[in-house]
Amino acid sequence: MKRLVPPALIALAATGCMHSPQALINPAEEAGKCELVQTLMREQVSQGLLSQLASQGSDGPAQVLVFVRRPEEGMLERLFQGDPTCGGANYRAVQDITMKAVVLFLQPRGNGYIYDAQLAAPNELSLGGEAKGAVSRDDGGGWVASGL
């Protein structure tokens, strides 16, 4: 019986039944998420938070952690599935923060999200607060932010 285990695993891997988590990540979907984050980081609230971090002596690009809040399901999940390759001139999206960072909380609404943005340290994460604005898809498929 023990002789059948390795050939069975090889057969499963060869037929595509075994996947690493990275293999399940759709690059186009992750790029769309990055476009969303870039739109939010251009907003006045996010720019203010980046300025606060810079004035506190933060070196290099600020870390940005993004969560999707689903209160009806009692869930809070990371927006990016893998290590994000998303950023701008003064920030980069990450899976985990190691210093004081900008944390974005998105909550699905209609064809977009309402969002909250705040500063948090790794040991000070919360579930977010009041919505600061909204972002939705425009007719061209891009993201457009607005106030509430």
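The values are calculated or read from the model by the stated rules, or taken from the named source; none is laboratory data. Everything numeric in this text was worked out from a predicted model, so none of it was measured. SASA here: full protein model, heavy atoms, side chains in, ligands and nucleic acids out. Shrake-Rupley method; radii C 1.70, N 1.55, O 1.52, S 1.80 Å.
Okay, here's what the table says:
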read-out: Normalised contact order of the stretch 65-106, rounded percent, pairs of Cα under 8 Å and 6 or more residues apart; value: 50
read-out: Convex hull of the stretch 23-148 built on C-alpha atoms - directionally averaged projected area, nm²; value: 8.2
read-out: Rounded percent of accessible protein surface that carbon and sulfur make up, the stretch 81-129, 1.4 Å probe; value: 47
read-out: Contour minus Cα-Cα distance for Glu29 and Gln56 (0.36 nm per residue); value: 6.3 nm
